[in-house]
1. Could you point to the label whose value was computed as mean projected area of the Cα convex hull in nm² for the structure here, given [x] 24.2; [y] 52.9; [z] 23.0?
2. Which cross-chain or sequence-distant (5 or more) residues have an amide H under 5 Å from the amide H of residue 306, H modelled 1.01 Å from N in plane?
3. Residue 95 to residue 306: FRET efficiency via 1/(1 + (r/R0)^6), r the Cβ-Cβ distance, R0 56 Å, to the nearest 0.05?
4. Excluding residues on the same chain fewer than 8 positions from residue 431, give the lysines whose Cα lies under 16 Å from its Cα.
5. Determine the distance separating the Cα centre of the range 223-292 from the Cα centre of the range 62-84; give it in Å without decimals.
6. Which three lengths, in whole Å and largest first, does the range 439-501 cover when its Cα atoms are put on their principal axes?
7. Could you please rank 144, 84, placing first whichever residue has the fewest other Cβ atoms within 10 Å of its Cβ?
8. Would you please put 421-431, 48-58 in order of how densely packed they are, using the mean number of other Cβ atoms within 10 angstrom per residue and starting with the highest?
Amino acid sequence: MHNSSWFMATVGLLLAYTAVILFFVIRGAMRTKSMADYAVGQGFSPYAVGLSLATATTSAATFIINPGFISLYGWSAFVAFGLCMPAGLFLSQIILTKSFRRYGKTVKALTMAQWIGQRYESKGFALFFAFLSLLLLSFIVLICVGLTKVLAQALGMGEFQVLVGMVVFVFSYMMFGGANSMVYTNTVQALIKLLVAVMLLFSGYEHLSKGVNDFWAQLGAISPALAQFPNASSPLYRDFFEIVICNFVIGVAIVCQPHLITKSLLLRDDKDVNRYLWVGSLAQMTFFLVVFAGFYARLMFPDLQIDGQPIKMDAIMSAYVVREFPVWAGLIVILGLLSAGLSTLEALIQALSTTVTSDIIKPLFGQFIPNDRAYIFLNRLVIVGLAAVAITVSWQQLQHPNLSVGIFAQLGVYGFFSTAFIPVLFGIFLKDVPRWVVVMAALTAFVLHFGTYFGGISPYLQGTVRNPAVASTFGILGALSVGLVGYALSKKKKAAFSHIN
């Protein structure tokens, strides 16, 4: 599967990529004088920020991990990841962005935890969301696993060495530039990803050349379930609710992640918001369609084996790229897959380290920290700690995944934004919502998400492979119900009190 030409070419590619990244990091570091500079930078073009949003939204999950679900479960998985989830995300992104930016600018919030804390005038609620943000480590793990699979396949090296080398490099350069370097690197990465998305989508042209019916017939010959909707034999795509409703709800709520919703705060001017949304949405649409390449991979490996050895789901796309493309074209694709992972990884490191430093360390230990330079130093120590955790958990997922690292990441990330959704939604659109209402809604989402998943509550959440999207949907809908009832009761109580007086 692997040869020396792939090794030498990949090493050359990594050296060139490293040089470009370091150029932008050094440039960004020279402009980073405070934690505010690290968190939101000094104002950027709507085109650059739009592309940065698209790269942060569609990561290694979209380009490397999720196509594996399509390879295994076919059309039902594509409808979930390629159509329903993006539809919810686009709708939510358009509705929430302008209002979040307006309030974020007013209160000078650097993180989502700060935004929530200041919106509801509660330091305790902000601290809760700061700790909750640690769940996003699960998505960092997904990206590390995805990139390790790609690079280990191309380099012919052991996964542990590749994992450690990659984590040390990326986390090290993210200590310095923050937002000022991230937006520039994300723009370069987005342009590369657009090229690679087109290459992947057209890589299976020969399978489609005889028409759509022939394409589905080829898939059906491997397994009839691949061309069916729903896929009743799968553990994740068994009916309309699980495929369409759950993934649309997830798409709506997914915007409520700190490295996504705070992107609008990077813009120079409110007039730039519409252009930012257009650029970001068009790029995202292209990226989300990449999961279709999972069909091509299944046609290449109908029995999901190479030389008699089964392919782990997370390695399907890596194997497809190395087998499908000649070295020169494969390098471009690998560059795109790297860009897909690193762009979101950078955004997560920047958002999570800022949250830990500004929203956990500062309120709890601020009296012992003399100045902003000390916070920048502490932020770098936080990044070192995040790197150590990322290596440890990623290695465990490389060795012993439960079907896919995607399930592990979904459990953590979906838990975070399920809990955050109602506080953000009510905070944007309801002026006089009492704090207790959103606190109860957030706790309801948290308990329902993790309680139903680990408790095996409902037929969807039983067996060894469980669907985090279902647990998250229960959490979001439960939180919405509690929030609306609580808000209605508070309005009724307020009206009664006004009438008495």
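1. Step by step, mean projected area of the Cα convex hull in nm² for this structure corresponds to label [x].
2. When sequence neighbours closer than 5 places are left aside, the close amide H contacts are 311.
3. That gives a FRET efficiency of 0.80.
4. 98, 491, 492, 494
5. Here the answer is 12 Å between Cα centres.
6. Computed over the range 439-501, the largest-to-smallest principal extents equal 59, 15, 13 Å.
7. Ranked by crowding around the Cβ, least crowded first: 84, 144.
8. 48-58, 421-431
Values quoted throughout were computed directly from the atomic coordinates according to the rules given, and no laboratory measurement underlies them. Just so it is clear, the structure is predicted and the values come from calculations on it, not from any experiment. Here the Cβ is made from the backbone with ideal geometry for all residues, glycine too, and neighbour counts use every protein chain on show.
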